[in-house]
Number of protein chains: 2
Amino acid sequence: MKRGTIITIGRQCGSGGREIGQKLAQKLGIPFYDRELLRLAAQQSGLAPENFELYDEVPTSSLLYSLSLGNHGVMLGQYDMPIHQKVFLAQFEAIQALADKGESCVIIGRCADYALREREQVVKVFLKADPQARVRRLVEQYSDLTEKKAADQMVKTDKRRAAYYNFYSDSRWGSAEGYDLVVDSLRTGIDKTVELIAAYADLRFPE
Amino acid sequence: MKRGTIITIGRQCGSGGREIGQKLAQKLGIPFYDRELLRLAAQQSGLAPENFELYDEVPTSSLLYSLSLGNHGVMLGQYDMPIHQKVFLAQFEAIQALADKGESCVIIGRCADYALREREQVVKVFLKADPQARVRRLVEQYSDLTEKKAADQMVKTDKRRAAYYNFYSDSRWGSAEGYDLVVDSLRTGIDKTVELIAAYADLRFPE
């Protein structure tokens, strides 16, 4: 794969996105950013790191946002911006700064595909799987989760990720439209999905 | 790829599905069925081949269907069945007969993924691309098409395919959910999409 290729991975909860991204980055010998992006964004923005933990992939309530706009009666500047949006913007800028470095990397979630929409050398992947298979995986991973709890948490996490993505980007989270490649990661298997994405990135941007 | 693997390819109009399927079948040295399936279904069913040309991937009007059910007042048997449905059923059976032979092949469209939903050794692919890129491809391919005509025809063909698929199958045409792999075939390129699908089929069902 050509130097400077960024692989963005959107993922349904329980589809193995983090593990696949980590193994892919390891296989390709390039950095991996999932929650790692938060520390980077905090450092670069000067905002307190706690905000990034609290508001990571949390959608702005568009109603509250409109109300706050209404109250101010003017376009919001950086200083009046709700904290959710400052966090989003800091992550957005951290993603673009990563791309500016011209090094390859893997980025999980956080609208990275949208942040990099005007760049050529990006591979946009979305991972999905059958809901029952994802619940099984979550229960296996987290011993304190019952099947019911896992299913609830999965639905909520996906709703939150979708709302966040749909609010900030111009396409719909998880719809096939915006991505280069959508894979059923659990039917395919974690390691084979890693191989597939690596092969695809090589095909798209050969050395 | 293991013998007996069937690759089904759903496709948006203009995404290059036929060319990709043909090249893939050629690369793997296995048979290819697109409209070729119609002749096979006609032979096996005894229905006149014209019906297959007329009703290929044409949805049954569900309103007309309900009315005809209402008139009969009973479940439809093979003989009372509207011709659309006889054609669908004959294709459905031809697809299953292909799978029963235990040979690998590539099948384009015609709800093949649904017809084979209870079989293990199937790779379910969907090809999609940006609408503007698909219009450009259609205009390049068919010299008598203006851009406007191509766009109209594309939208109509996709609506027809979606209605057909959604009527007969239990999932939604083109939504990422039902497929193993969704690829943006025009951003990826025809030949690279062929390579990718071949690599994926090898990963899923190694020899």
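Remarks
- Exactly one residue out of B:V74, B:V122, B:V106 is aliphatic (A, V, I, L, M) and modelled with pLDDT under 90: that is B:V74.
- Enumeration of residues in segment B:149-203 that are of a type in the set (K, R) and closer than 17 Å to B:D130 by Cβ: B:R187, B:K192
- Leading residue by the ranking (nearest to the other protein chains (Cβ to nearest Cβ)) among those in segment B:167-184 that are part of a helix (DSSP H, G or I) and crowded, with 17+ Cβ neighbours inside 10 Å: B:A176
- Failed item in (1) touching a Cys at 6+ places or on another chain (Cβ under 8 Å); (2) modelled with pLDDT under 60, with A:F92 passing the rest: (2)
- Unmet requirement for A:K124, which otherwise passes all of (1) surrounded by fewer than 22 Cβ atoms within 10 Å (Cβ to Cβ); (2) away from every other protein chain (no Cβ under 14 Å); (3) under 14 Å from the mean Cα position of the chain (by Cα): (2)
- Applying the criterion of being more than 10 Å from every other protein chain (Cβ to nearest Cβ) and outside any helix (DSSP H, G or I) to the residues of segment B:190-207, the residue that is farthest from B:E19 (Cα to Cα) is B:E207.
- Criterion violated by B:R187 - all others in (1) among the charged types (D, E, K, R); (2) within 11 Å of chain A (Cβ to nearest Cβ); (3) not in a helix (DSSP H, G or I) satisfied: (3)
- When segment A:90-104 is filtered for residues that are of a type in the set (A, V, I, L, M, F, W, C), surrounded by fewer than 23 Cβ atoms within 10 Å (Cβ to Cβ) and within 21 Å of A:G178 (Cα to Cα), the ones remaining, listed by number, are A:F92, A:A99.
- Residues being at pLDDT below 90 and crowded, with 18+ Cβ neighbours inside 10 Å - total across segment A:1-39: 2
- Subset of segment A:141-173 (residues that are within 14 Å of A:Q12 (Cα to Cα) and either of a type in the set (A, V, I, L, M) or touching a Ser or Thr at 6+ places or on another chain (Cβ under 9 Å) (or both)): A:A150, A:A151, A:M154, A:V155, A:A162, A:A163, A:Y164, A:Y165
- Residue in segment A:174-188 that is at positive phi and touching a residue at least 40 places away in the same chain (Cβ under 8 Å) present: yes
The values are calculated or read from the model by the stated rules, or taken from the named source; none is laboratory data. Given the structure is predicted, the values throughout are model-derived calculations rather than measurements. With ideal geometry, Cβ positions are generated from the backbone for all residues, glycine too; neighbour counts draw on all protein chains shown.
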